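As structure tokens, the structure follows; a few thoughts come after it.
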Protein chains: 2
Amino acid sequence: MQHEKFSGTDHLYMQVAQGLEKMISDEVLLIGDKLPSVRVLSEENGISMGTAFQAYYHLEAKGLIESRPKSGYYVRFNHRKYPALPKMVPADALSHEVSVKEMIASLYSDIASAKVINFALAVPDLSLLPVGKIQKSAVHALKHTKDHCIGYEHTQGNPELRKQIARLCFNWGGKTKPDEVVITNGCLEAITLCLQAVTQHGDTVAVESPCYFGIYQAIENLGLKVVEISSDPVTGADLACLEKTIARFPIKACVCIPNFNNPVGSCIPDENKKQLVALITKHNIPLIEDDIYGELYFGKNRPRTCKYYDTKGLVMHCSSLSKSLTPGYRVGWAIPGKFIDEVKQVKRIHNISSASLTQATMAHFLQHGRYEYHLKNLRKALHTQSLRYIQAVIDHFPPDSKVSRPQGGFVLWIELNRKVDTFRLRTEAMKHHISIMPGRIFSVSPNYSNCIRLSFGKPFNSDMEYGIMMLGKLIKKMV
Amino acid sequence: MQHEKFSGTDHLYMQVAQGLEKMISDEVLLIGDKLPSVRVLSEENGISMGTAFQAYYHLEAKGLIESRPKSGYYVRFNHRKYPALPKMVPADALSHEVSVKEMIASLYSDIASAKVINFALAVPDLSLLPVGKIQKSAVHALKHTKDHCIGYEHTQGNPELRKQIARLCFNWGGKTKPDEVVITNGCLEAITLCLQAVTQHGDTVAVESPCYFGIYQAIENLGLKVVEISSDPVTGADLACLEKTIARFPIKACVCIPNFNNPVGSCIPDENKKQLVALITKHNIPLIEDDIYGELYFGKNRPRTCKYYDTKGLVMHCSSLSKSLTPGYRVGWAIPGKFIDEVKQVKRIHNISSASLTQATMAHFLQHGRYEYHLKNLRKALHTQSLRYIQAVIDHFPPDSKVSRPQGGFVLWIELNRKVDTFRLRTEAMKHHISIMPGRIFSVSPNYSNCIRLSFGKPFNSDMEYGIMMLGKLIKKMV
């Protein structure tokens with residue numbers, strides 16, 4: 001039962017690995033130090049040779065140590081030696097007509113090419129997804145679902161899938177009922193429907209800065225105005241700034257990505273989430289929460305959501321399976337609190353309902369515990385990849401580069417020297433078939449023009465190393 | 001090869017049946033007349049007994065004749081004895097803020113129940129759909145598509161599916177290229193995206209009256225205004241009325257259902273389509289054409305589309321497989337002419353792309369000629385059902401009821417005595433577990449309050465007969 005391996009208390013090899021990791025972080029072991037041999041490690045800890053090997057494999061996979069042929073294991077990396085964090089840009093507290101449309105259209109034209117070393121798209125690599133098991137669930141759905149998935153599904157979505165999503169909410173302490181969930185075509189549609197449910201053309205909404213460009217586009221497309229809220233690269237939205245903004249503008253909705261923010265990677269501490277929800281509740285403003293990365297945590301526990309602290313039905317929770325399981329299935333959802341009827345209505349108006357087959361497939365997959373098991377592996381893989389990518393950035397980028405420390409998800413936010421125009425960097429990189437997302441598209445103000453977002457969704461390999469090396473070269477040329 | 005049976009020239013039995021049908025229609029044979037015995041028919045026409053039987057079966061299935069036990073076949077029905085057609089209501093040529101939302105929300109709450117005799121939903125019955133073959137295509141798609149349909153599909157849609165849709169366009173003479181097609185989540189999403197592509201909040205669009213309520217809702221949801229164009233129950237939109245409207249209002253788009261209109265069943269003659277396209281081209285106004293019922297013709301040939309006459313890329317053709325193959329797959333498309341980039345953009349903003357799996361399944365199904373074969377059977381079944389339903393209406397509704405003569409699709413439009421409020425009729429009918437669509441929701445003006453739309457998508461059986469009989473009783477009570 002491979003399943004057991006990851007459940008319950010940590011295994012012996014993990015305890016030993018964690019001990020070593022702490023010694024590296026405390027600088028008891030320094031970069032370049034030789035580690036004890038496997039035999040010595042096993043004797044010292046009273047563990048088998050096999051377990052000792054496992055501990056070293058684990059640290060090696062994380063990129064903390066390296067094995068040198070015929071020599072043994074050496075310390076390679078120390079979390080403490082991280083470059084500085086990108087800084088918070090104070091938002092300018094102006095209401096903007098949104099206009100990132102053209103910029104993004106030009107970006108999408110060439111990044112889908114298979115030849116490109118793609119740091120731009122935030123998708124997990126397909127090699128990290130349980131394709132075979134998804135197939136099995138699809139075949140089961142085809143055979144055993146009512147109408148064989150030919151007929152219309154309810155506008156609100158497949159009842160069994162909604163039950164499974166309600167169960168997923170347990171992970172963050174949610175007590176969601178299946179009939180509080182509305183299935184959508186991915187998280188972005190969920191956010192759009194929630195915005196439509198609570199705003200009118202010309203209204204103003206508050207978003208974190210920087211913010212995922214898809215959210216700006218949804219806002220622009222609905223004819224809404226936007227005010228940006230300063231955000232800390234570790235703790236997220238600045239509540240004092242939000243309070244001031246609410247006093248100054250007739251804010252009709254707030255949008256935030258509380259956990260493992262795209263692009264900055266911040267995670268709002270649970271206490272701040274509580275305060276954020278108290279603030280919007282005081283002013284009776286709906287909060288649209290994009291929790292698409294919430295399950296992809298690297299730490300021990302899943303962070304809570306804003307929805308957890310919601311007492312008045314004002315938090316509209318949105319998420320999907322697109323970043324963790326089946327990007328192409330377009331299965332997302334909203335838990336829109338007291339606005340559920342409005343959300344169902346705009347869903348029906350837009351496309352009646354989501355596809356029956358993909359919903360039934362995901363219902364079966366989740367029902368059989370396959371998602372939890374998959375997530376455990378995916379989190380480990382992404383954690384390892386994050387460290388590998390960060391290391392490569394440290395190795396190849398100029399030393400004044402500032403790098404985020406994501407504790408989940410799969411994007412890095414990198415602030416470069418002020419002289420670097422990352423829109424130009426992107427153009428130069430594309431000549432070498434390397435794609436990145438320039439920081440400028442994550443704001444409606446002319447901020448972040450020296451920042452980039454780097455996705456680490458693909459396993460680190462020599463192509464990726466080459467890509468980062470080449471980016472480093474281009475950046476150095478531009479300074 | 002059952003496939004052959006329907007292709008090429010008509011079979012012998014059809015020729016004989018058509019001869020008899022003409023005699024009924026010319027009143028050479030009157031209702032109640034006894035038909036020649038099978039033996040006589042076979043001798044007279046020099047055909048086998050089997051072929052003679054087939055001819056009678058065909059006419060019986062169409063409801064034109066009936067077999068009486070131990071007696072033979074009798075004429076039962078004459079197309080000429082149809083009740084009068086519903087009349088054209090002159091549109092009031094006012095610009096309206098749309099507001100049918102609440103009315104429709106209340107309608108949807110109870111009609112999905114399985115216990116209801118459902119004349120309200122315009123969907124083909126699942127027994128008419130080739131479930132097994134669709135399953136096979138789905139399994140093929142799961143096994144053989146790149147990424148096994150887990151990864152994101154292009155925003156524009158699956159390339160093979162777009163190729164197949166371009167081929168479908170041959171049926172109406174279209175010379176569409178695959179890269180002119182954008183895949184959507186059903187036809188309604190296609191219409192919404194087209195509207196978004198060519199209008200701004202507050203703009204005015206022209207629609208036929210009456211008009212499918214889903215289109216009104218899409219228009220309302222985008223904050224657009226609407227002007228209604230009078231439509232003839234046989235030939236569709238009144239071009240003189242449209243021309244006047246264009247002169248009076250700043251019309252930014254027209255929306256029409258040219259073929260087998262929902263709800264009135266009209267089919268714009270090809271010559272009128274040509275004139276309609278010339279008119280909108282003269283004024284440089286985009287025409288959004290909803291051709292969702294176009295393939296479901298009862299006659300010999302598929303009617304053309306407005307797109308066929310489009311020379312400037314102003315016609316935005318929309319359709320889907322939801323009414324003819326897989327309602328729950330949500331596979332539709334737009335062929336938006338010169339606005340394709342705008343449509344792709346709003347599609348991406350709303351939900352990135354449609355599901356990979358359902359698209360790949362439909363691509364495979366269409367690629368293997370399965371759709372053409374299925375359509376031939378579906379058209380015959382729907383034609384027969386239309387006659388059966390009309391007969392039942394004639395049998396049970398008051399004689400002053402006026403009934404449309406749909407030549408395709410699967411909805412009947414019935415105009416009742418002026419005294420009948422069909423919203424009230426609907427409430428009464430629901431008490432007997434019978435659902436209908438009241439005419440009032442097909443207009444923003446207070447028109448059609450004595451009309452109903454009756455879907456004949458389900459095979460006619462004793463439940464349906466009972467439902468129509470009961471409706472007739474309720475109507476008679478209300479007069």
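The values are calculated or read from the model by the stated rules, or taken from the named source; none is laboratory data. Because the structure is predicted, anything quoted here is derived from the model rather than measured. Note: ideal-geometry Cβ built from the backbone for every residue, glycine included; neighbour counts use all protein chains shown.
Scanning region A:185-228 for residues that are of a type in the set (Val, Ile, Thr), within 28 Å of B:Glu153 (Cα to Cα) and under 19 Å from the mean Cα position of the chain (by Cα), we see that the one that is surrounded by the fewest Cβ atoms within 10 Å (Cβ to Cβ) is A:Ile215. Figure legend. Inter-residue proximity from region B:146-157: first residues within 7 Å of another protein chain (Cβ to nearest Cβ), second residues in a loop (DSSP other than H, G, I, E, B) and not hydrophobic (A, V, I, L, M, F, W, C), beta-carbon distance below 6 Å, spacing 6+ or different chains. Indicated pairs: B:Ile150/A:Thr326; B:Tyr152/B:Ser353; B:Glu153/B:Ser353. From the list A:Tyr297, A:Tyr293, A:Tyr308, the one residue that fits, being of a type in the set (Ser, Thr, Tyr) and either in the same structural domain as A:Tyr448 (by TED's automatic domain parsing) or buried (at least 23 other Cβ atoms within 10 Å of the Cβ) (or both), is A:Tyr293.
Restricting to region B:170-179, count the residues that are surrounded by fewer than 21 Cβ atoms within 10 Å (Cβ to Cβ) and either in contact (Cβ under 8 Å) with a residue 60 or more places away in the chain or under 20 Å from the mean Cα position of the chain (by Cα) (or both).
Our first condition is that a residue be surrounded by fewer than 21 Cβ atoms within 10 Å (Cβ to Cβ); within region B:170-179, this holds for B:170-171, B:173-179.
If we keep only those that are either in contact (Cβ under 8 Å) with a residue 60 or more places away in the chain or under 20 Å from the mean Cα position of the chain (by Cα) (or both) too, we end up with B:170-171, B:173-174, B:176.
Summing the residues that are surrounded by fewer than 21 Cβ atoms within 10 Å (Cβ to Cβ) and either in contact (Cβ under 8 Å) with a residue 60 or more places away in the chain or under 20 Å from the mean Cα position of the chain (by Cα) (or both) in region B:170-179 gives 5.
Among the residues making up region B:300-355, a single one is on the phi > 0 side of the Ramachandran plot and modelled with pLDDT under 95: B:Ile352.
Whether any residue in region A:169-187 is modelled with pLDDT of 95 or more and of a type in the set (Ser, Thr, Tyr) is what I want to check. Looking through region A:169-187, at least one residue is modelled with pLDDT of 95 or more and of a type in the set (Ser, Thr, Tyr). Within 16 Å of B:Val116 (Cβ to Cβ) and either outside the structural domain of B:Ile215 (by TED's automatic domain parsing) or surrounded by fewer than 23 Cβ atoms within 10 Å (Cβ to Cβ) (or both): does that describe B:Ile414? So B:Ile414 does not fit the description; no.
Within region B:121-132, residues that are farther than 18 Å from B:Leu454 by Cα sit with their Cβ atoms under 7 Å from residues that are basic (Lys, Arg), at 6+ positions apart or across chains, in these pairs: B:Pro130/B:Arg370.
I'm checking my understanding of the structure. Among residues of region A:164-218 that are part of a loop (DSSP other than H, G, I, E, B), over 23 Å from B:Gly202 (Cβ atoms) and among the small types (Gly, Ala, Ser), which one is nearest to the other protein chains (Cβ to nearest Cβ)? Only one residue fits best here, namely A:Gly174. Strands (runs of 3 or more DSSP E) fully within region B:287-372 that include at least 2 residues being of a type in the set (Gly, Ala, Ser) and within 14 Å of chain A (Cβ to nearest Cβ): B:332-335.
Applying the set (1) more than 13 Å from the chain's Cα centre (by Cα); (2) under 28 Å from A:Val123 (Cα atoms) to A:Pro286 leaves exactly one unmet item: (2).
Comparison of A:Ser435, A:Ser449, A:Ser443 shows that the only residue that is closer than 18 Å to A:Phe213 by Cα and buried (at least 22 other Cβ atoms within 10 Å of the Cβ) is A:Ser443. B:Ser445 meets all of the listed conditions (1) within 22 Å of B:Gly236 (Cβ to Cβ); (2) not in a loop (DSSP other than H, G, I, E, B) but one, namely (2).
Can you find a residue that is part of a helix (DSSP H, G or I), within 14 Å of chain B (Cβ to nearest Cβ) and crowded, with 21+ Cβ neighbours inside 10 Å anywhere in region A:269-277? No, that holds for no residue. In region A:376-389, the residues that are closer than 21 Å to A:Met469 by Cα and touching a residue at least 40 places away in the same chain (Cβ under 8 Å) form Cβ pairs under 7 Å with partners that are in a helix (DSSP H, G or I) and not acidic (Asp, Glu), at six or more places apart or across chains, as follows: A:Thr384/A:Ala61. For region A:19-58, a residue qualifies if it is over 24 Å from A:His383 (Cα atoms) and assigned to a helix (DSSP H, G or I), and the qualifying residues are A:Val38, A:Arg39, A:Val40, A:Leu41, A:Ser42, A:Glu43, A:Glu44, A:Asn45, A:Met49.
The residues on offer are B:Gly8, B:Gly32, B:Gly46, and the sole one that is at positive phi and modelled with pLDDT of 80 or more is B:Gly46.
Across region B:378-395, a minimum of one residue is classified as assigned to a helix (DSSP H, G or I), at pLDDT below 95, under 30 Å from B:Lys473 (Cα atoms) and among the acidic types (Asp, Glu). Looking at the structure I just gave you, is B:Cys254 more than 14 Å from chain A (Cβ to nearest Cβ), crowded, with 21+ Cβ neighbours inside 10 Å and assigned to a loop (DSSP other than H, G, I, E, B)? No; evaluated as a whole, the condition is false for this residue.
Within region A:398-415, the set of residues being within 30 Å of A:Leu126 (Cβ to Cβ) and either in contact with a strand residue (DSSP E or B) (Cβ under 7 Å, 6 or more places away or on another chain) or among the small types (Gly, Ala, Ser) (or both) comprises A:Ser401, A:Val403, A:Ser404, A:Pro406, A:Gln407, A:Gly408, A:Gly409, A:Phe410, A:Val411, A:Leu412, A:Trp413, A:Ile414.
Checked against (1) within 30 Å of A:Glu465 (Cα to Cα); (2) more than 8 Å from chain B (Cβ to nearest Cβ), A:Val131 meets all criteria but (2). None of A:Ser401, A:Ser443, A:Ser435 is within 25 Å of A:Gly294 (Cβ to Cβ), polar (S, T, N, Q) and not assigned by TED's automatic domain parsing to the domain that holds A:Asp232 except A:Ser443.
Tally the residues that are assigned to a helix (DSSP H, G or I) and touching a strand residue (DSSP E or B) at 6+ places or on another chain (Cβ under 6 Å), restricting the search to region B:416-442.
Summing the residues that are assigned to a helix (DSSP H, G or I) and touching a strand residue (DSSP E or B) at 6+ places or on another chain (Cβ under 6 Å) in region B:416-442 gives 4.
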